[in-house]
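Below is one structure, written out as structure tokens; the observations come after it.
Here, each number is a calculation from the coordinates, and none is a lab measurement. All values derive from a computational prediction rather than experimental measurement. Note that each Cβ is placed from the backbone with ideal geometry, even for glycine, and that neighbours are counted across all protein chains shown.
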Amino acid sequence: MKVKICGITNREDAVWALNYGAQFIGIDFRKRSPRRVLPAEAKDWVPALPTFAAVVGLFDDEDSKDIVRMAAEMNLKGIQLNGPQTPQRLRGLRQSLTNTECPPFIIKALACPGPETLDDIPRWGDAVDYVLLSDPNESKPGGSPRPFDWALGAAAAAHGKPVFLGGGLTTDNVREAATKGQPFAVDVTSGVEKSTRHKHSAKMRAFITTALLGGSGRSIPEAP
């Protein structure tokens, strides 16, 4: 299982997340998000992150040309789409990204109140590479994700897409969520924060270690 630390707003938090073992980090470019990183600010540090880092840019329903441009400027390895994109829109974005030098993968976020929500997944076809299941409250400006039925992760994976599982995850519940949902990766935002703009180093360390190793994380160095 892999780990994605989402809502990173600064270089220091990004570097510590990667040092602790996160395979993915999420940078939020959505205009209404309290964790938004302005493109002008991101240019100062996002492209300079280690090349092994799978940096994912979060977007709502921005124009495909803007997303493609941002992906190239920021060296994004992945695109996460939280908006109400139609299958046709997703296929168009996929085609536009395919024409770039290093096409990023696409994660489609799905607010998941119940099993009926999963019916959208087959309609996306090859336009997306991964599915992210999250709490509907997470899509609201300033909303804090809450736990939901994590077993839906396994149901979503049955549609043929690797699943990122989010929704109120913390160090205390990530192993339970992983056991129930059997995801490809777990995704955490507020569960490792001091505030919406800053991560809590010790919480990141504990979450990542618990998710990856099932332990306390004592072998991983603390950030100063």
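Modelled label-to-label distance, ASN99 and ARG11, 7 Å Cα→beta-carbon offset: nm?
With each label placed 7 Å out from Cα toward Cβ, I get 3.4 nm.
If the cut-off is 20 Å between C-alpha atoms, which lysines fall inside it for LYS180, apart from same-chain ones fewer than 8 positions away?
LYS2, LYS4, LYS161
Once you put a point 7 Å from the Cα of GLU41 and another 7 Å from the Cα of ALA72, both along the Cβ direction, what distance in nm separates them?
Placing both labels 7 Å along Cα→Cβ, they lie 2.6 nm apart.
Under a cut-off of 18 Å between alpha-carbon atoms, report the aspartates and glutamates in cross-link reach of LYS43, not counting same-chain residues fewer than 8 places apart.
GLU12, ASP13, ASP28, ASP66, GLU73
Could you tell me which label, among (1) 1.05; (2) 0.94; (3) 0.98, carries the value of Cα Rg over 2.2 N^0.38 Å calculated for this structure?
(2)
Would you kindly state how much longer the chain becomes between GLN88 and LYS203 on full extension, computed as 0.36 nm times their sequence separation minus their alpha carbon distance, in nm to one decimal? Can you show the working numbers first?
Values: separation 115, 0.36 × 115 = 41.40 nm, distance 3.97 nm.
This chain segment gains 37.4 nm when fully extended.
Note the full-extension length gain between ASP63 and LYS194 as 0.36 nm times their separation in residues minus their Cα-Cα distance, in nm to one decimal.
43.9 nm
Over the chain, calculate the relative contact order: mean separation of alpha carbon pairs under 8 Å at least 6 apart, over the residue count, as a percent.
Working: 446 pairs, mean separation 44.4, N = 224.
Once divided by the residue count of the chain, the mean separation gives 20 percent.
For every helix of n ≥ 4 consecutive DSSP H residues, a contribution of -39,500 (n - 2.57) applies; sum these over the chain, divide by its total residues, and give [θ] at 222 nm rounded to the nearest 500 deg cm²/dmol.
Working: 8 runs with 68 residues, N = 224.
My calculation for the chain gives -8500 deg cm²/dmol from helical runs alone.
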